[in-house]
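The values are calculated or read from the model by the stated rules, or taken from the named source; none is laboratory data. Keep in mind that what you see is a predicted model, and the values were worked out from it rather than measured. Cβ atoms come from the backbone with ideal geometry, glycine included; neighbour counts cover every protein chain shown. Note: accessible area is taken over every heavy atom of the protein model, side chains too, but ligands, DNA and RNA are not part of it. Shrake-Rupley method; radii C 1.70, N 1.55, O 1.52, S 1.80 Å.
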Amino acid sequence: MTGKRLSGVTAVALAGILMVVLMAAGCLGSQPSGSPASPSQQITVTGSTTVLPIAEKARETFEDRYPSTSVLVSGGGSSVGVRAVGEGTADIGMSSRDLKPEETGMYPGLVLHHIADDAILLIVHPENSIESLTLDQVRGIYNGTYTNWNQVGGPDLEIVVIGRDSASGTREFFGEYVMKKEDFIRSQEEFNSNGGIQQKVSRTPGAIGYVGLGYTEGVKQLNIEVDGNTIEPTLENINSKKYPITRPLYMLTNGEPEGAVKEFLEFIMSEEGQQIVASVDYIPLQG
């Protein structure tokens, strides 16, 4: 009996030594020395493709500063952002428009955080000779009154109308402010992102589209005629509200933010965060 007990004790001791050796060698899945720890917190941000560049750029710096927190950013449109944060599938929603009455009724706990300002720019192909339009002419193009550029002072070229899809906050704002809730022309080609419109217009000679400030590469920006004055979409004119198509940009939370979500929003509103807003061609609220 004594010999059997000693044998059992010896086996247990040997097993313990073997386990220590395996752990030291990393064979049991222990994390190698010096490797980064897995993120202990995760923030999900989704919604407006207009606000998207701000969130993506801010994420890079925020994760460097808070390595224990990861930020997952995706687009989809303002309506997607409102619904996601309202239903609890995202921590932060992004919106380029105010909340609709039905959204505030469905999600009464939503809190709007004004993080930046933006302007909607009218863009055409770089070879289009048109330089400016009145808001009435823009509305006439998008409701189908004008179908050729020569009707509004441009070349003899069919107008190809490009716009956003129904989930877009940019479309909501454009529909209310510019279209005055008139119907869009049925032949309008719809895209689910600012980038999609930018690319389509840059490749289509007769196209016109509308985008946020950060989406002007490879296209021509149009001036807006206001009371006989030509207003260029410069930052100075946008800041002073001379340029007529401006709007606020929001991030949303369901209730007042806490923890990492609060830290992320505070970072965006900090001096450094507002510099990021300016770096992606939007208008900071401070600094």
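Observations on the structure shown:
- Scanning segment 149-194 for residues that are buried (at least 20 other Cβ atoms within 10 Å of the Cβ), of a type outside the set (S, T, N, Q) and in a helix (DSSP H, G or I) yields a total of 7.
- In the set 101, 126, 108, 67, only one residue is closer than 20 Å to residue 272 by Cα and open to solvent by 10 Å² or more (accessible area, probe 1.4 Å); that residue is 67.
- Members of segment 252-268 that are assigned to a helix (DSSP H, G or I) and on the phi < 0 side of the Ramachandran plot: 260, 261, 262, 263, 264, 265, 266, 267, 268
- Looking only at segment 181-194, and only at residues there that are out of contact with any strand residue (DSSP E or B) (no Cβ under 9 Å at 6 or more places or on another chain) and modelled with pLDDT of 95 or more, the one that is nearest to residue 128 (Cα to Cα): 186
- Failed criterion for residue 276 (all others in (1) modelled with pLDDT of 95 or more; (2) assigned to a strand (DSSP E or B) hold): (2)
- Residue count for segment 71-87 under the criterion of being open to solvent by 60 Å² or more (accessible area, probe 1.4 Å) and either outside any helix (DSSP H, G or I) or within 26 Å of residue 241 (Cα to Cα) (or both): the result is 1.
- Residue within segment 22-30 that is touching a helix residue (DSSP H, G or I) at 6+ places or on another chain (Cβ under 8 Å), over 28 Å from residue 167 (Cβ atoms), part of a loop (DSSP other than H, G, I, E, B) and modelled with pLDDT under 95 present: yes
- Pairs where the first residue, in segment 224-246, is farther than 17 Å from residue 131 by Cβ and open to solvent by less than 70 Å² (accessible area, probe 1.4 Å) and the second is polar (S, T, N, Q) and modelled with pLDDT under 95, C-beta under 8 Å, 6+ apart: 238/246
- Test result for residue 209, in contact with a helix residue (DSSP H, G or I) (Cβ under 8 Å, 6 or more places away or on another chain) and within 29 Å of residue 155 (Cβ to Cβ): yes
- Filtered residues of segment 257-287 (kept if within 19 Å of residue 64 (Cβ to Cβ), crowded, with 19+ Cβ neighbours inside 10 Å and among the aromatic types (Phe, Trp, Tyr)): 264
- Of all the residues in segment 204-223, those that are loosely packed, with under 15 Cβ neighbours inside 10 Å and modelled with pLDDT under 95 number 1.
- Residue within segment 195-203 that is basic (Lys, Arg), touching a strand residue (DSSP E or B) at 6+ places or on another chain (Cβ under 6 Å) and crowded, with 21+ Cβ neighbours inside 10 Å present: no
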